[in-house]
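Structure record follows, encoded as structure tokens.
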Amino acid sequence: MSADALAPVAGPQPDSAGHFGRFGGRFVPEALVAALDELDGAWRTAMTDESFRAEFGALLRDYAGTPSLLYEARRFSAKVGARVLLKREDLNHTGAHKVRNVLGQALLTKRMGKTRVIAETGAGQHGVATATAAALFDLECVVYMGQVDTERQALNVARMRMLGATVIPVTNGSRTLKDAMNEAMRDWVANVDETHYLIGTAAGPHPFPAMVRDFVRGIGDEARQQCLDLTGGLPDAVTACVGGGSNALGIFHAFVGDEAVRLYGFEAGGDGVATGRHAASITGGSAGVLHGTRTFVLQDADGQTLESHSISAGLDYPGVGPEHAWLHDTGRANYLPVTDDEAMAAFELLCRTEGIIPAIESAHALAGTVALAPKLAAELGREPTIVVNLSGRGDKDVHTAGDYFGILDKER
Amino acid sequence: MSRIGVAFDKARADGRALLVGCMPAGFPTVEGSIAAMTAMVEAGVDVIEVEIPYSDPVMDGPVIQRASDIALAGGVRTADTMRIIEAVAATGAPVVTMTYWNPVERYGVDVFARDLASAGGTGLITPDLIPDEADEWLAASDAHGLDRTFLVSPSSTDARLAMTVQHCRGFVYATAVMGVTGARARTSDAAPTLVSRARAVTDLPIGVGLGVGTGAQAGTVAGYADGVIVGSALVRCVLDAPTEADGLAALRTLSAELAEGVRNPTR
């Protein structure tokens, strides 16, 4: 299955300039247009190139360990009141779905003859994944990370450095993910000839949203077939967490054409959308332009970007991929907020029922599923089948979770 | 012809380049920025570029980022920028506005154009809006008689260069280097080539920005371009000054040096 992870399938596509309805496009300095065009060309060529697809497929299989399992979580299901199937992206090399994207883009970087990759990272997961691919492909790697994040994710900084990457703490603006992305963009403008900006989610200027979606699309392609094999039918719903939104698009894409399959994206509701302290760009934001694309953005009345808040560093971003904005506009997918507390309750439930520690990002998908299950059961008049994208593992979150639950021994 | 076009023509007739000086609106305060821009005009800056501070300025280097952050932390609003433009336009110098796209979109593109025109602004420089995405701005700028300055870059292909200048009105902004704003030790080698490539496809005046910070550099750029655009070096005068009066004095000194530079083009 992974050998043809890029085989064409029917599904929503942007126009040739990367517009998903009224969203997407390119809002970038002219200096970057040539590089984006080059990338667009390389990506389109690669997508139809058998040798690229074979190489990518082999890497996904032999290096990343995909297809990931679709696991029926029976004890969790019993608590939730739905037949819950977990797409185990947490078992991939580096611990999340993100490895699919970085392998695809690193392969393209080589094809374009570039020798250096740069990346932005919040919690450090995408930075670690990028550093991993850079080591594998012998590319120079520079990762921009907000200073606030380098301090609270010191272990991931060390991981990146072990893998040979240079980590640059970003000290301007709010010193978090969005500022790391600004700084990476500035680096790219200055070094675009030899550098590829390996964006970590399905956001940014065209072709990134569609390209990243294509590289992670295997999640849904695999899950759809695995669900058919396991249950003899399609699920009633597919759920995922949404920050930038790559894991959600990755699993949604294969199901968009299956009208009976409901799609749910769960955004980070932080302390609750009404409090203003959240990262729910679709539920609590408005249409705007950020980081090269038109999408839903958390912004004030003057269009200044607002700081987002979430217990999950990976969802703590004030924008969202433009394809999600479009799926929301068209009504094909539903987007709902999940608070920190709801996510952590689901986090604990999965730990205790299945012996699986999820990433706090993925715990948002689990929490949304917990809330969705009874409604769907009532509507269908039977137990629903729900595929949940367990996009990453929780090793990186042990400190945050331990702190949250108050289970860390006090320092002596 | 636009007021900027007239100013470029006059400078050209005088055998010199036009000096464009940039300052973020509301930096260090609303009144402080009006005082700074007025001082620049008095010391010989021909055109004032008012930058609307934005939370995520990807084309700007550390100096303008810091100034923008200070302005935003001080609570400056887009409506204040309109007031600043009006005050600076009253000095008689043409005022062009540089803005990232989201503040305009949030304000409402047509309403923004209307308010900008009635404040006496000549038009917009749009660092993250390319003509490909600019339909709404093309219509609004036509409706309200505003200039449109899109950027061209050393990496622009010939086709994009031709397309971009075709959508410009007033003047074209050539980015001298591949990079962000900020004074640099050396002027760019890529800029003269870019300017001559642009000249092959447009009669509009061409301003060169990014990395110009001294009178000598201004003279070098004036040797091949119609306009010399200076930002970070001027902003730094205010940023580094211990008092507002010191900042204005430093600003006057540098403005005069730059004005001298554009009158002594190095050819």
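Over the protein assembly as shown, with the other protein chains present, what is the accessible area per residue in square angstrom, probe 1.4 angstrom?
34 Å²
Using every pair of alpha-carbon atoms in the protein assembly as shown, split the distances into 10 Å bins beginning at 0 and state the percent of pairs per bin, rounded to integers.
Result, from short to long distances: 3, 16, 25, 24, 16, 10, 5, 1, 0 percent.
Once Rh for the stretch B:143-267 is found with the Kirkwood sum over Cα pairs, what is the Stokes-Einstein diffusion coefficient at 4 °C and 1.567 mPa s, in µm²/s?
Here the translational diffusion coefficient equals 85 µm²/s.
Would you pull out the residues with amide H under 5 Å of A:ILE357's amide H, same chain only if 5 or more places away, H placed 1.01 Å from N?
So A:ILE357 has HN proximity to A:GLY394.
When we measure straight from the Cα of A:LYS114, which aspartates and glutamates land under 13 angstrom away, once same-chain ones fewer than 8 places off are left out?
A:GLU38, A:ASP138, A:GLU140, A:ASP193, A:GLU194
To the nearest 500 deg cm²/dmol, what mean residue ellipticity at 222 nm is calculated for the protein assembly as shown from DSSP H runs of n ≥ 4 alone, each contributing -39,500 (n - 2.57), summed and divided by the residues?
-13500 deg cm²/dmol
So which DSSP H runs in chain A come out at 15 Å plus along the axis (Cα) with average Kyte-Doolittle of at least 0.0?
The answer, listed by residue number, is A:33-47, A:125-137, A:360-380.
With a Förster radius of 35 Å, plug the Cβ-Cβ distance of A:ALA17 and B:ALA241 into 1/(1 + (r/R0)^6) and report the FRET value to the nearest 0.05.
0.15
With the cut-off at 24 Å, tell me which of the pairs A:LYS87/A:LYS375; A:LYS178/A:LYS410; A:LYS98/A:LYS178; A:LYS178/A:LYS375 have Cα atoms farther apart than that. Could you put the intermediate results ahead of the total?
Working: A:LYS87/A:LYS375 22 Å; A:LYS178/A:LYS410 33 Å; A:LYS98/A:LYS178 18 Å; A:LYS178/A:LYS375 36 Å.
Cα-Cα > 24 Å for A:LYS178/A:LYS410; A:LYS178/A:LYS375; rest within.
Any idea what the relative contact order of chain A is, in percent, if you count C-alpha pairs under 8 Å spaced at least 6 apart?
20 percent.
Work out from phi, with θ = phi - 60° and the Karplus expression 6.51 cos²θ - 1.76 cosθ + 1.60, the ³J(HN,Hα) of each residue of the stretch B:249-254, listed in order in whole Hz, and give x for Gly and Pro.
Per-residue couplings from phi come out as 5, 5, 4, 4, 4, 5 Hz.
Of all accessible surface on the stretch A:330-412 at a 1.4 Å probe, what whole percent is carbon and sulfur?
51 percent
Suppose a student asked you for the relative contact order of chain B, using Cα pairs under 8 Å spaced at least 6 residues apart; what percent would you report?
Rounded, it is 22 percent for chain B.
Just order A:161-168, A:235-242 by mean Cβ neighbour count inside 10 Å, highest at the front, would you?
A:235-242, A:161-168
Before we go on, tell me the buried accessible area for the A/B pair, both chains summed, 1.4 Å probe, in Å² to the nearest 100.
Adding both sides of the contact gives about 2900 Å².
Please turn the phi angles of the stretch A:72-82 into ³J(HN,Hα) values with the Karplus equation 6.51 cos²θ - 1.76 cosθ + 1.60 (θ = phi - 60°), one per residue in order, whole Hz, x for glycine and proline.
7, 8, 5, 5, 5, 4, 4, 6, 8, x, 8
I need the P(r) histogram for chain B: all alpha carbon pairs, bin width 10 Å from 0 out to the longest distance, whole percents.
8, 34, 40, 17, 1
Which residues, if any, in the stretch B:77-104 have at least 10 Å² less accessible area in the whole protein complex than in the isolated chain, probe 1.4 Å?
By number: B:ARG77, B:THR78, B:TRP101, B:ASN102, B:PRO103.
Between A:ARG382 and A:ARG352, how high is the FRET efficiency from 1/(1 + (r/R0)^6) when r is the Cβ-Cβ distance and R₀ = 22 Å? Nearest 0.05.
On the way: r = 27 Å, r/R0 = 1.21.
It comes out at approximately 0.25.
So, with a 1.4 angstrom probe, what is the percent of accessible area on the stretch B:3-262 that is carbon and sulfur? Each step should come with its number before you reach the end.
Numbers: 4590 of 8490 Å².
Whole-percent figure for carbon plus sulfur exposure: 54.
Ratio to report: Rg/Rh of the stretch B:1-140, with Cα atoms as the point set and Rh obtained by the Kirkwood method; give two decimals.
A ratio of 0.95.
The values are calculated or read from the model by the stated rules, or taken from the named source; none is laboratory data. Only a predicted model underlies this, so the values are computations on that prediction, with no experimental measurement involved. Positions of Cβ are backbone-derived with ideal geometry, glycine not excepted, and every protein chain shown enters the neighbour counts. These area figures cover heavy atoms from the full protein model, side chains too; ligands, DNA and RNA do not enter into them. Shrake-Rupley method; radii C 1.70, N 1.55, O 1.52, S 1.80 Å.
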